[in-house]
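Scroll down for the structure; my scribbles are underneath it.
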Amino acid sequence: MHTRWNFENKDSLLEFNMMLDSYALHKGIGIMGIDLCRSWELYFENERTLFYAILDIKLNVLNVFCSTRDLQILWHRKDIESVFKFNRCWFEFVCIYRSFYDKYMNLVIRSGWKEKLDNFNSAKSRNKSFKKILTESDTAFIADGVFLRIPKEFTEWCFNFIEDVVNKEFRNPEVHYTGKARKWIFTESEEEKEYIKKFYELIKNMWQFLNIIGTIAGGRKFCKQIDKNNK
């Protein structure tokens, strides 16, 4: 039977966090900056929902990186097995990233813009609501005496990437319609160059997500480590 943990117990959570970080490193992925133990100290007693939001998004971040890594390895599609495996991995990736971004928006609003949470949750388009909230006020005071600033340029990029790339080009065609990926996965198509470009644009920007999530999760501890690394 596989190991199970009790997230209400700090020692059990510590073991889980160590196992998760170790597994990620084995995959060549560093997610240690999202400190679940520090999050437990900051949020578990008074903001338990926020703690679990951090836990969930750390797991989702790992899924995003594992998915993108698989696609990078398989992209050249050298044989028939890799062709069909790539097709499956692409579908997994578009769903995983959309799930990640929904969790990211919810985490940010819940951590620093709580007074906007009801309006955000009831909005017809949460993506548009998120952009409006963050462009009107890009800085918030969060736990542990930390100010979190999310650059408006990054929020704008996130909005455009979800609306114009993920929803229109990646996810919606595969989930809700007849599909578009088959046109460039299984046939010779110039469209593939655009998909590669957009795919690597996301990878290039993932560090900004990690810094924002790490700040929320770790508070001053994370900020001090970032300052130390930048010296």
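So what's segment 10-230 giving for Cα Rg divided by 2.2 N^0.38 Å, two decimals?
The reported ratio for this selection is 1.08.
Enumerate by residue number the trypsin sites (Lys or Arg not before Pro) in segment 55-87 meeting two conditions: DSSP loop (anything except H, G, I, E, B), and at most 11 other Cβ atoms within 10 Å of the site's Cβ.
Qualifying residues, ordered by number: Lys78.
Dipole of segment 1-129 (Lys/Arg Cβ +1, Asp/Glu Cβ -1, origin at the Cα centre): which of Ser22, Asn9, Phe86 lies farthest to the positive side?
Farthest towards the positive end: Phe86.
Treating cross-link reach as a plain straight distance, find the lysines whose alpha-carbon is under 23 Å from the alpha-carbon of Lys132, omitting any fewer than eight places away in the same chain.
The qualifying lysines are Lys103, Lys114, Lys116, Lys124, Lys152, Lys168.
How much net charge surrounds Glu81 when only the other residues with a Cβ under 14 Å from the Cβ of Glu81 are counted, with Lys and Arg +1 and Asp and Glu -1?
+2
Give me D for segment 1-86 in µm² s⁻¹, whole number, from Stokes-Einstein with Rh from the Kirkwood sum over alpha-carbon pairs, 37 °C and 0.692 mPa s.
225 µm²/s
Quote the FRET efficiency, to the nearest 0.05, computed for Gln72 versus Lys180 with a Förster distance R0 of 22 Å and r equal to the Cβ-Cβ distance.
Here the calculated transfer efficiency is 0.60.
Assuming 0.36 nm per residue, please report the length gained on full extension of the stretch Glu136 to Ser99 beyond their Cα-Cα distance.
10.8 nm
State to the nearest 20 debye the size of the charge dipole of segment 1-103 about its Cα centre, where the only charges are +1 on K and R beta carbons and -1 on D and E beta carbons.
480 debye
In segment 10-230, with Lys and Arg counted as +1 and Asp and Glu as -1 at Cβ, which of these residues, Pro173, Tyr104, Phe209, has the Cα nearest the positive end of the dipole, that is, farthest along it?
Final value for the positive-end residue is Pro173.
Can you give me the relative contact order of the chain as a percent, contacts being Cα pairs under 8 Å and 6 or more apart? Before the final figure, lay out the partial values.
Working: 186 pairs, mean separation 49.6, N = 231.
RCO, the chain: 21 percent.
Which loop-located GluC sites (Glu not before Pro) does segment 1-84 contain, where loop means any DSSP state but H, G, I, E or B and the Cβ has at most 11 other Cβ atoms within 10 Å?
For GluC sites (Glu not before Pro) across segment 1-84 that sit outside H, G, I, E and B with at most 11 neighbouring Cβ atoms in 10 Å, the list reads Glu8, Glu45.
Got a sec to turn the phi values of segment 134-148 into Karplus ³J(HN,Hα) couplings, 6.51 cos²θ - 1.76 cosθ + 1.60 with θ = phi - 60°, whole Hz, x for Gly and Pro?
The phi angles translate into 6, 7, 6, 8, 9, 10, 9, 8, 10, 4, 6, x, 10, 8, 9 Hz.
Can you give the helix-only mean residue ellipticity at 222 nm for the chain, where every DSSP H stretch with n ≥ 4 adds -39500 (n - 2.57) and the sum goes over all residues, rounded to the nearest 500 deg cm²/dmol?
Rounded to the nearest 500, it is -22500 deg cm²/dmol.
Towards the positive end of the charge dipole of segment 10-230, with charges on Cβ (+1 Lys, Arg; -1 Asp, Glu), say which of Tyr43, Asn119, Thr68 has the farthest Cα.
Highest projection toward the positive end goes to Asn119.
Going through segment 171-219, which trypsin sites (Lys or Arg not before Pro) have at most 11 other Cβ atoms within 10 Å and a DSSP loop state?
Of the trypsin sites (Lys or Arg not before Pro), not one in the loops of segment 171-219 has a Cβ with at most 11 other Cβ atoms within 10 Å.
Mind giving me the FRET efficiency for Thr49 and Asp144? R0 is 30 Å, r the Cβ-Cβ distance, nearest 0.05 is fine.
Given R0 = 30 Å and the Cβ-Cβ separation, E is 0.95.
Mind giving me the FRET efficiency for Glu163 and Met206? R0 is 22 Å, r the Cβ-Cβ distance, nearest 0.05 is fine.
0.75
Read the figures in this text as sums done on the coordinates, not as results from a lab. A quick note: this is a predicted structure, and the numbers were derived from the prediction, not measured. Note that each Cβ is placed from the backbone with ideal geometry, even for glycine, and that neighbours are counted across all protein chains shown.
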